[in-house]
There are 2 protein chains.
Amino acid sequence: MATTRPRRLARQVSIVGAGLSQFGAYADKSSRDLFVEAFLDMQGTIDTGISASDIEAGYLGNYSADLFEHQGHTAPIMADWLGMTPTPITRVENACASSGSALREGVMAIASGMYDVVLVGGVEKMTSLPTEGVTDVLASAADGLYEVPAGLTFPGIFGAIAKAHMDRYETNLDHLLKVGIKNHENGKLNPKAQFQVTIRDMMDRRKARSEQRGEPVPDWSDELDFLNDARANPWIAWPLRLYDCAPITDGASCVLLVASEIAEQFTDKPVHVAGIGQATGRPLHDADELTSLSAAKVASAQAYEMAGIGPEQIALAEVHDCFTIAEIVASEDLGFFAPGEGPHAVDQGRTARTGDRPINTSGGLKAKGHPVGASGVAQVIEVYKQLRGEAGDRQLDNPNLEFGLTHNVGGTGGTCVVNVLQRG
Amino acid sequence: MATTRPRRLARQVSIVGAGLSQFGAYADKSSRDLFVEAFLDMQGTIDTGISASDIEAGYLGNYSADLFEHQGHTAPIMADWLGMTPTPITRVENACASSGSALREGVMAIASGMYDVVLVGGVEKMTSLPTEGVTDVLASAADGLYEVPAGLTFPGIFGAIAKAHMDRYETNLDHLLKVGIKNHENGKLNPKAQFQVTIRDMMDRRKARSEQRGEPVPDWSDELDFLNDARANPWIAWPLRLYDCAPITDGASCVLLVASEIAEQFTDKPVHVAGIGQATGRPLHDADELTSLSAAKVASAQAYEMAGIGPEQIALAEVHDCFTIAEIVASEDLGFFAPGEGPHAVDQGRTARTGDRPINTSGGLKAKGHPVGASGVAQVIEVYKQLRGEAGDRQLDNPNLEFGLTHNVGGTGGTCVVNVLQRG
């Protein structure tokens, strides 16, 4: 039936503004505070200015203010706090891919002819719960009938994925740790990141602290040595250690989408949404294999097809590194590297900012932080800034940046959203 | 700016199939069971048949499986249970208007050119919690910063709305009770309804039980007499009694949307989506008045404008009677009756099945039941069936049925979604 026809939007859509709250742990900020902060940041990026009343519709990605803040129906509250009432805002939830899906709804809302100017954002306030509470809330994005009762939480699930990858390919523990080292090097250059610090910085601080206290100073020779020491980097769910896991983060993100034909009213450097893809995957307990997320393959194939390009034309990507292994798997699912080649690409520095396939220049979820409902749009913002040449100290040194990609995963691949963005 | 231009869809969208689970309290059914039940019911209504793999995208309205079942990320689970993977499904949450908003996303997804065949449904499994737990979960759809800490729950909020309406207009307690009497009369004729029983039936049963037990038989003369007796109908939040409140319900609903140009492939009696409107309203603590929901006025104006009609052309409406007063307020906000005239219209039987403006022929949320995330689409299904002449014993005796309306409210009007449907 019609399921295999090429997907086309009736109207092209562009991004013309982008804003992030500071990412971190903020006891004094609620979801609404964070979202307003992101919106104000976005307003500052739009050359011609934008007021809340100029916006015709909105989408809010949020995983679970229900469980984190005991607040449902968050979308109209955001409309109220931004002064946008009666503009419609709808909350979209697909776990950690919530704002990835929200972006897609915003794109289709414009393409449908209903709207020309749409706000899409995401928010999550996570530090309101203790760590074990957060782990429990996140686990509810897995299958509560088959997976959660078996004792699975996300570190355990991604630990199993890492183990499967190690069994099948040449992947080893150092490959995983090197993803984290790279992402922290990028995050250090991102003024919105939760951790603006490299692993080497952390190692040096630990040494200095020991020295200050008159304790024996560990003789870590380099970052890998440091990360392989359980005193510095304890096991969470073997083979994953603490620094293989994205942190718990409070944060918000938003972008302004407009019909491409009016983009120049807002900026002379729009970024076009060239391809969008979204797919579901069966729960992991029933998946065909653990070393790949089927939804990522389907969603990226859709996005590439719509954009009319292949993975080799993607100059940079923000991928969903909720755990270090997830970045490696993503780099293979997206077609950047052959199955099993992802870890070697990390080893060779190919995914570093200076490599031929930079991944997570923002610092990724690992260092930038992972306010789950906000992450999908935050990824889009990094690509938007890189394509516009506005990524500051982490700007890629590549005059030919044209296409960038974002890869946003919900759960263990129950949802995957892939976008291909193109410099205007 | 562009906010005031007329809203138009680039492509017309039609409904070609509809399914409901049984509405009620089911200890042995989860959300996924209920949704599959609705889907199977829908399959049976599509003349030419439909398989899950024919569907290109899906939207699931759900308020809070998070809090009711500790299950987030419900959309891909539904895809899995329907055998639809890898088809994308996205959860939409706008409190009790969740599936109203989901329908809107489905309509825009088709209009955008991306898809031709889209499933839109809603589900809520509420009876997993005790009544006070449900009240708490629902209260989290109000503003958790200003309203909930003041002690407000939804019966209290709608009690305040009823009191304001009584103060401002000639509304009295009997007007409210008559809404319930009417809706139960309709619900008795709906084989999917949670309460297929009239208030008179309930009165007679209570009398018979007393007689059986050898207790004094109450001398209630009619339904109003019965409903005004606190032994039969206790106060919940003055001036609202038990039978002014919609029940707690488990249930699911779904419809199949297709591009109008291919509707005849599925049915010779499509129903077209002629107008869609959605708006936000400020939280009630900050609203200008209590006797009207501003979002309902804005959303209905949008829907009428898009459909090119006025309220006088609406032959029937399903409105959001979460409490009896809400139906009266809706009938005024939608322009069916002037402000303050709603209660008199009830008195005069104008909103009965035999009246000139039938409202809630399905039994409404009051008698059909209110599985909150499913209600928006369930309303659409009633209008769909009436316009197709397939509403069974409750079919309206009006050969000129052309336009019907649905009015779906989230919270206290933080969200309102209004659809105008047209017989094809």
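Every number here is computed from the coordinates shown, using simple stated rules; none is lab data. For clarity, every value in this text was computed on a predicted model and none was experimentally measured. Cβ sites come from the backbone with ideal geometry, for glycine too, and all protein chains shown count toward neighbours.
Residue by residue along A:107-119, Cβ atoms of other protein chains within 10 Å of the local Cβ number 6 on average. For segment A:239-310 versus segment A:1-68, the inter-centroid distance based on Cα atoms is 15 Å.
Take the Cα of A:GLN395, step 7 Å toward its Cβ, do the same at A:ASP225, and the gap between the two points is 3.7 nm. Positive end of the dipole of the protein assembly as shown (Cβ unit charges, origin at the Cα centre): among A:PHE68, A:ALA79, B:CYS96, the Cα lying farthest that way belongs to A:ALA79.
Taking the number of other C-beta atoms within 10 Å as the exposure measure, put B:TYR384, B:TYR169, B:TYR146 in order starting with the fewest. Numbers along the way, then the final one.
Numbers: B:TYR384 25, B:TYR169 18, B:TYR146 14.
Ranked by crowding around the Cβ, least crowded first: B:TYR146, B:TYR169, B:TYR384.
Dipole of segment B:280-346, Cα-centred, from +1 at each Lys and Arg C-beta and -1 at each Asp and Glu C-beta, to the nearest 20 debye?
Using Cβ point charges on Lys, Arg, Asp and Glu, segment B:280-346 gives about 100 debye.
Adding -39500 (n - 2.57) for every DSSP H run of four residues or longer, then dividing by how many residues the protein assembly as shown holds, sets the calculated 222 nm ellipticity at -10500 deg cm²/dmol.
Dividing the alpha-carbon radius of gyration of segment A:195-270 by 2.2 N^0.38 Å (N being the number of residues), what value is obtained? Walk me through the numbers before you get to the answer.
Values: Rg = 21.3 Å, N = 76, 2.2 N^0.38 = 11.4 Å.
Normalised Cα radius of gyration, segment A:195-270: 1.86.
As a length-normalised measure over Cα pairs under 8 Å and 6 or more apart, the relative contact order of segment A:244-329 settles at 35 percent.
The alpha-carbon atoms of the protein assembly as shown define a convex hull whose volume equals 156 cubic angstrom per residue. Can you find, among A:HIS165, A:GLY281, A:TRP235, the residue sitting farthest towards the positive end of the charge dipole of segment A:149-282, where Lys and Arg contribute +1 and Asp and Glu -1 at Cβ? Selected residue: A:TRP235.
Using a 10 Å cut-off around each Cβ, can you sort A:ILE325, B:ILE248 from fewest to most neighbouring Cβ atoms?
Listed from fewest to most nearby Cβ atoms, that is B:ILE248, A:ILE325.
The base-10 log of I(q)/I(0) for segment A:32-128, evaluated at q = 0.14, 0.18, 0.22 Å⁻¹, reads -0.49, -0.81, -1.18 [Debye formula, identical scatterers on Cα atoms, solvent excluded].
Evaluated with a Cβ-only charge set (Lys, Arg +1; Asp, Glu -1), segment B:342-424 carries a dipole of roughly 120 debye about its Cα centre, given to the nearest 20. Cross-link check: pairs B:LYS207/B:LYS368; A:LYS29/A:LYS297; A:LYS385/B:LYS297 evaluated at a Cα-Cα cut-off of 30 Å; pairs beyond the cut-off: A:LYS29/A:LYS297; A:LYS385/B:LYS297.
Would you work out the relative contact order for chain B, in percent, from Cα pairs under 8 angstrom that are 6 or more residues apart? Reported as a whole number, the value is 26 percent.
Can you tell me the dipole magnitude for the protein assembly as shown around its Cα centre, using point charges on the Cβ only (Lys, Arg +1; Asp, Glu -1), in Debye to the nearest 20?
On the way: 70 positive and 108 negative charges, 81 e Å.
Dipole of the protein assembly as shown, to the nearest 20 debye: 400 debye.
Toward the positive end of the charge dipole of segment B:366-414, with +1 on the Cβ of Lys and Arg and -1 on the Cβ of Asp and Glu, the farthest Cα among B:PHE403, B:ALA391, B:VAL377 is that of B:VAL377.
For segment A:1-53, the equivalent ellipsoid derived from the Cα gyration tensor has semi-axes of 33, 18, 9 Å, listed largest first. Taking other Cβ atoms within 10 Å as a rough exposure proxy, B:THR406, A:THR87 sort from fewest to most as A:THR87, B:THR406.
Overall, the ratio between the Cα radius of gyration of segment A:137-188 and 2.2 N^0.38 Å, rounded to two decimals, is 1.44.
Note on segment B:141-283: percent of Cα-Cα distances in each 5 Å bin, starting at 0 and stopping at the bin with the largest distance, equals 2, 7, 12, 13, 14, 15, 12, 9, 7, 6, 3, 1, 0, 0. At an R0 of 41 angstrom, the distance between the Cβ atoms of A:GLN313 and B:ALA10 translates into a FRET efficiency of 0.90. Projected over every direction and averaged, the convex hull enclosing the alpha-carbon atoms of chain A yields 20.2 nm².
Across the identical copies, the 7 Å label point of A:ASP28, projected outward along Cα→Cβ, sits 5.6 nm from its counterparts, in ascending order. What the phi angles of segment B:22-29 give under the Karplus curve with 6.51, -1.76 and 1.60, with θ = phi - 60°, is a coupling list of 4, 8, x, 10, 10, 4, 9, 10 Hz, glycine and proline written as x. Along its three principal directions, the equivalent ellipsoid of segment B:273-376 from the Cα gyration tensor extends over semi-axes of 19, 17, 16 Å, largest first. Using a cutoff of 8 angstrom between alpha carbon atoms and counting only pairs six or more residues apart, the relative contact order for segment B:62-142 works out to 33 percent.
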